[in-house]
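Trainee: Structure incoming, see below.
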Amino acid sequence: MDKVEIVEVGPRDGLQIIPQFVPTATKIAMIRALVAAGFKRMELGSFVSPKAVPQMADMDEVVAGLGPLLGVRGMVLVPNSIGAKRAIAAGITDLIFVISMSDSHNRSNVRRPTDASIEDLRAMLAEIDPDKRLKLRIGLATTFHCPFEGVMDEGKVFATMERIAALRDGFEFSLSDTTGMAMPDHVKRFSKRCLDAFGSRATFCFHGHDTAGYGIANVLAAWEAGIKSFDGAVAGLGGCPFAPGATGNIASEDMVTFFHRMGVDTGIDIDRLLEAGKIAASLPGAVTSGHARAIPRQRLMGDGVPLKDAA
Ligand code: COA
Ligand code: ZN
């Protein structure tokens, strides 16, 4: 049976946009429910400036409260060496560094041009990881579309990615549709170009948002191009506070049921994921999206709904 990996990013991309502070214990309970659903890789949150993203001010407490997550790779986003050192001190060695492919979004997100972020990454790696032991995911924000500049030039994005890849082998690049406005032909073409060009020098995942309803179409496009790893957020939470107009991530539930119905294994227990979705949907200030949660379970799994259960 074909397999894909769904990486749950709700605790990071999902929570960062919620204005009301989510209590630490609730964050931990949500992460534990997601672990129970079977995710093997998850973005737990970010060690960013608490002034930039107040929701992440309690990351140290979240990581300490979770304790060891057996069999699960917990990743955290860091914007600079300060964040990377905080993560390492907390015991996390799976880091995400976001660089936006458009200067305007990079300035909005981390207050500097893209080139300066590439230099920051180089300096950060030299400082914190001279032995190249850490796992690094590079979140390529606005790979396809920027909230300020519109559709991105494929050649320019590819050239920027090459410059980042030249820093070291072994990065995982997350091709990110930050605004949820990418079109499937663009996603398919660019994903294929990356896979063909990089070979074993890097790995790739697709990180989509569902702003315009193209989320699953883009997942299919990336999968057809050969991508095997996809980011999703429970209950379709999410959005970037620095990308106006962008809404939630593609709901993990939608991806899981979509792949299962195509005969592709994700390793995720849909019933437990739907349970975790209840926690996500009950958070004050959370805006949820996605489709799977509204569909009767039997139909989700590809069967008819028994007459006695039909509404
Ligand atoms: N963790 C905690 N505090 C941090 C920090 C981190 N990773 N990085 C910086 N800070 C603190 C500094 O110590 C400084 O504190 P002070 O005012 O008490 O002296 C303050 O934040 C400002 O630091 P500075 O280096 O001047 O950063 P900045 O104001 O230019 O902001 C970033 C740059 C990158 C730190 C900030 O924009 C940020 O954290 N952005 C995160 C964006 C994000 O998460 N986007 C969503 C995900 S894509
Ligand atoms: Zn995102």
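The values are calculated or read from the model by the stated rules, or taken from the named source; none is laboratory data. Please read these numbers as outputs of a predicted model, since none were measured by experiment. Counting neighbours? That spans all protein chains shown, and the Cβs are built from the backbone with ideal geometry, glycine included. Quick note on the areas: whole protein, heavy atoms, side chains included, nothing else; ligands and nucleic acids left out. Shrake-Rupley method; radii C 1.70, N 1.55, O 1.52, S 1.80 Å.
Trainee: Mind listing the long-range amide H neighbours of G248? Cut-off is under 5 Å, sequence gap 5 or more, other chains count too, H placed in the peptide plane at 1.01 Å from N.
Mentor: D210
Trainee: Turning to a different aspect of this structure: Taking the chain as a Gaussian network, where each spring joins two C-alpha atoms under 10 Å apart, which residue of A64, A202, A235 fluctuates the most?
Mentor: A64
Trainee: How large is the accessible surface per residue of the chain, computed with a 1.4 Å probe and reported in Å² as a whole number?
Mentor: 42
Trainee: Under the 0.36 nm per residue contour assumption, what length would be gained going from the current alpha-carbon distance of K228 and R133 to full extension?
Mentor: 31.8 nm
Trainee: With just the Cα atoms defining each centre, how far is the range 205-251 from the range 40-99? Give it in Å.
Mentor: Answer, in whole Å: 21.
Trainee: Can you work out ³J(HN,Hα) from phi for every residue in the range 232-237, in order, using Karplus 6.51 cos²θ - 1.76 cosθ + 1.60 and θ = phi - 60°, giving whole Hz and x for Gly and Pro?
Mentor: Calculated HN-Hα couplings, in order: x, 10, 4, 6, x, 4 Hz.
Trainee: Right, next: Collect residues whose amide H, placed 1.01 Å from N in the peptide plane, falls under 5 Å from the amide H of S174; neighbours closer than 5 in sequence don't count.
Mentor: I138, G139, L140, C205
Trainee: Can you bin every Cα-Cα distance in the chain into 10 Å intervals starting at zero and give me the percent of pairs per bin, rounded to whole numbers?
Mentor: 6, 29, 38, 22, 4, 1, 0
Trainee: Calculate one ³J(HN,Hα) per residue across the range 130-146 by plugging θ = phi - 60° into the Karplus curve 6.51 cos²θ - 1.76 cosθ + 1.60, and present them in order as whole Hz with x for glycine and proline.
Mentor: x, 8, 6, 9, 6, 8, 10, 9, 9, x, 8, 5, 6, 4, 10, 8, 10
Trainee: Would you work out which of L34, N106, V62 lies farthest towards the positive end of the dipole of the chain, given +1 charges on the beta-carbon of Lys and Arg and -1 on that of Asp and Glu, about the Cα centre?
Mentor: V62
Trainee: Let me ask something else about it. Per residue of the range 24-32, in order, report the coupling 6.51 cos²θ - 1.76 cosθ + 1.60 (Karplus, θ = phi - 60°) as ³J(HN,Hα) in whole Hz, putting x for Gly and Pro.
Mentor: Taking θ as phi minus 60°, the curve returns 3, 4, 5, 4, 5, 4, 5, 5, 5 Hz for the range 24-32.
Trainee: Here's another thing I want to ask about it. Which of the aspartates and glutamates could be linked to K278 by a straight reach, that is with a Cα gap under 14 Å, when you skip same-chain ones fewer than 8 residues away?
Mentor: Result set, ordered by chain and number: E253.
Trainee: At 1.4 Å probe size, with no ligands or nucleic acids counted, give the accessible surface of D58 in Å², nearest ten.
Mentor: Its heavy atoms expose roughly 10 Å² to the probe.
Trainee: Which net charge results when you count Lys and Arg as +1 and Asp and Glu as -1 among the other residues whose beta-carbon is under 11 Å from that of L134?
Mentor: Once positives and negatives cancel, what remains is +2.
Trainee: Continuing with this model, one more query. Per 0.36 nm of contour for each residue apart, how much would the distance between R111 and K156 grow if the chain were fully extended, relative to their Cα-Cα spacing?
Mentor: Residue separation times 0.36 nm, minus the Cα-Cα distance, leaves 14.1 nm.
Trainee: Here is a further query. Could you give the length gained on full extension between D60 and F148, defined as 0.36 nm per residue of separation minus the Cα-Cα distance, in nm? It would help to have the intermediate numbers written out before the result.
Mentor: Details: separation 88, 0.36 × 88 = 31.68 nm, distance 3.33 nm.
Additional length available on full extension: 28.4 nm.
Trainee: With the contact rule set at Cα under 8 Å and sequence spacing of 6 or more, what percent relative contact order holds for the range 5-309?
Mentor: Relative contact order, the range 5-309: 20 percent.
Trainee: Follow-up question, since we're still on this one. Summarise the accessible area of the chain (1.4 Å probe, protein heavy atoms) by the percent that is carbon and sulfur.
Mentor: Result for the chain: 55 percent of the exposed heavy-atom area is carbon or sulfur.
Trainee: Now, a different point. In the structure displayed, which of K192/K228; K135/K156; K3/K132; K27/K135 lie more than 18 Å apart, Cα to Cα?
Mentor: Long pairs (Cα-Cα over 18 Å): K135/K156; K3/K132; K27/K135.
Trainee: Follow-up question, since we're still on this one. Rounded to the nearest 500 deg cm²/dmol, what is the calculated helix-only ellipticity per residue at 222 nm for the chain, with -39500 (n - 2.57) per DSSP H run of length n ≥ 4?
Mentor: Working: 11 runs with 118 residues, N = 311.
Taken over the chain, the calculation gives -11500 deg cm²/dmol.
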